[in-house]
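Read through the structure below, which is laid out as structure tokens, and then see the notes.
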Amino acid sequence: MKFFLDSALLSEIEQAYSTGICDGITMNPSLVKKAVDGLKADGERIDLEKYIKKALKTAKGTPVSLEVTDIGTAKAMVEQGKKLFKKFNPVAKNVYIKIPVNPAFDQNPGKDFDGIRAINELHKAKIPVNCTLVFTPEQALAAAKAGADFVSPFAGRIDDMLRKEHSHEFAGFSKEDYYPLNGHMHEGKMLEDNGIVSGIDLVAQIVSIFRRYGIKSQVLAASLRNARQVREAAIVGADIATMPFGVFRELARHRLTVEGMKKFTEDTPEEFRKLV
Ligand code: G3P
């Protein structure tokens, strides 16, 4: 499974790539805002174009998703997607355009397929697409049929929603807390969202459908909040897990590793140190 970093912060991107195990980056408007706010707070002049280009170069050879923000119509998303691709892809040839599966804010049935239409148009123009904000296997299937290269189910947000709808049960929980892959029972009933019992269950259902039909789109598990979810994304067969830097760092951590190292360091005989 590939590890992507869910961040627009250059400092995090550079650190993640320095490990040699970072396989790509996903950005979204909120993450770009965080980077811009950070630059402002440090009193730096903002040249976002240069900043993004630096990130693309750091990630050379691996995919970087840039998200559209003109989501009014399919046409607007396609136009902005094409412009973003034209401006940024020449830097390191690694840009994927991120399109929301359904950008309709107001349940307007006329707009329900604008995301799908935009994905299809960009796909036909040979622009790689990451379809984002996926919350059902049906949305994932539609995005794959439209030609999305990556399909991104938002696992953590499903867990947030299940917790929120049963907030009495989850008082004091924070969004980083683990939510069980096989769901949570309350008064003899499984908490669920239309047959989805957890964020990772959503990922698992999409993976199983894609495998069953030999669908080539890759399943990119997103909105992961802890290392255990990354593990479970791997167990259920996600192709990619994207994660914030804090979760990326957790991948190498365990208390016993630290304790074990302390003991080995103390125990190393002077004679051994002198060998090399
Ligand atoms: O990759 C999607 C991600 O940025 C959303 O994560 O934690 O805000 O649900 P989150």
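The values are calculated or read from the model by the stated rules, or taken from the named source; none is laboratory data. Bear in mind that the values here come from a model prediction, so they are computed numbers and not experimental data. Heads up, the Cβs are rebuilt from the backbone with ideal geometry, glycines too, and the neighbour counts pull from every protein chain shown. With ligands, DNA and RNA removed, areas are computed over all heavy atoms of the protein, side chains included. Shrake-Rupley method; radii C 1.70, N 1.55, O 1.52, S 1.80 Å.
The length gained by stretching the chain between PHE272 and MET1 to full extension, at 0.36 nm per residue less their Cα-Cα distance, is 93.7 nm. Surface composition of the chain: carbon and sulfur atoms hold 55% of the protein heavy-atom accessible area at a 1.4 Å probe.
Placing pseudo-labels 7 Å out from each Cα toward the beta carbon at LYS124 and LEU10 gives an inter-label distance of 3.9 nm. Counting only protein chain heavy atoms and rolling a 1.4 Å probe, the accessible areas of HIS168, HIS184, HIS123 rank, largest first, as HIS168, HIS123, HIS184. Between the stretch 82-138 and the stretch 165-224, the alpha-carbon centres lie 24 Å apart. DSSP beta bridges fully contained in the stretch 2-273 are about 10 percent antiparallel.
Which ³J(HN,Hα) values, rounded to whole Hz and listed in residue order, are derived for the stretch 200-213 from phi using the Karplus coefficients 6.51, -1.76 and 1.60 in 6.51 cos²θ - 1.76 cosθ + 1.60 with θ = phi - 60°, glycine and proline given as x? Once rounded to whole Hz, the list reads 6, 4, 4, 4, 4, 5, 5, 4, 5, 5, 4, 5, 4, 9. Beyond a 18 Å Cα-Cα separation, which of these cross-linked pairs lie in this structure: LYS33/LYS53; LYS54/LYS126; LYS50/LYS83; LYS54/LYS87; LYS33/LYS164? Cα-Cα > 18 Å for LYS54/LYS126; LYS33/LYS164; rest within.
Kirkwood-based Rg over Rh for the stretch 74-115 (C-alpha set), two decimals? Reported Rg/Rh, Kirkwood definition of Rh: 1.11. How charged is the neighbourhood of PHE150? Take every other residue with its Cβ under 14 Å from the Cβ of PHE150, and add Lys/Arg as +1 and Asp/Glu as -1. Residues near PHE150 contribute -2 overall. For THR257, the solvent-accessible surface computed with a 1.4 Å probe is close to 80 Å², ligands and nucleic acids excluded.
Its residue count N sets the reference 2.2 N^0.38 Å, and the alpha-carbon radius of gyration of the chain equals 1.11 times that reference. When Lys and Arg each count +1 and Asp and Glu each count -1, what net charge do the other residues less than 9 Å away from VAL247, Cβ to Cβ, add up to? After counting each charged neighbour, the total is -1. Per the Kirkwood treatment, what hydrodynamic radius in Å, one decimal, follows for the stretch 99-197 from the mean inverse distance over all distinct Cα pairs? Computed over Cα pairs of the stretch 99-197, the Kirkwood hydrodynamic radius comes out at 15.1 Å. With the cut-off at 1.5 for a/c, could you classify the stretch 136-276 from its C-alpha gyration tensor as rounded, prolate or oblate? Since a/c reaches 1.5 but b/c is at least a/b, the shape of the stretch 136-276 is classed as oblate. Calculated FRET efficiency, THR257 to SER208, Cβ-Cβ distance, R0 = 45 Å: about 0.85 to the nearest 0.05.
Rg then Dmax, both in Å and based on the Cα atoms of the stretch 35-193: 18.8, 57.
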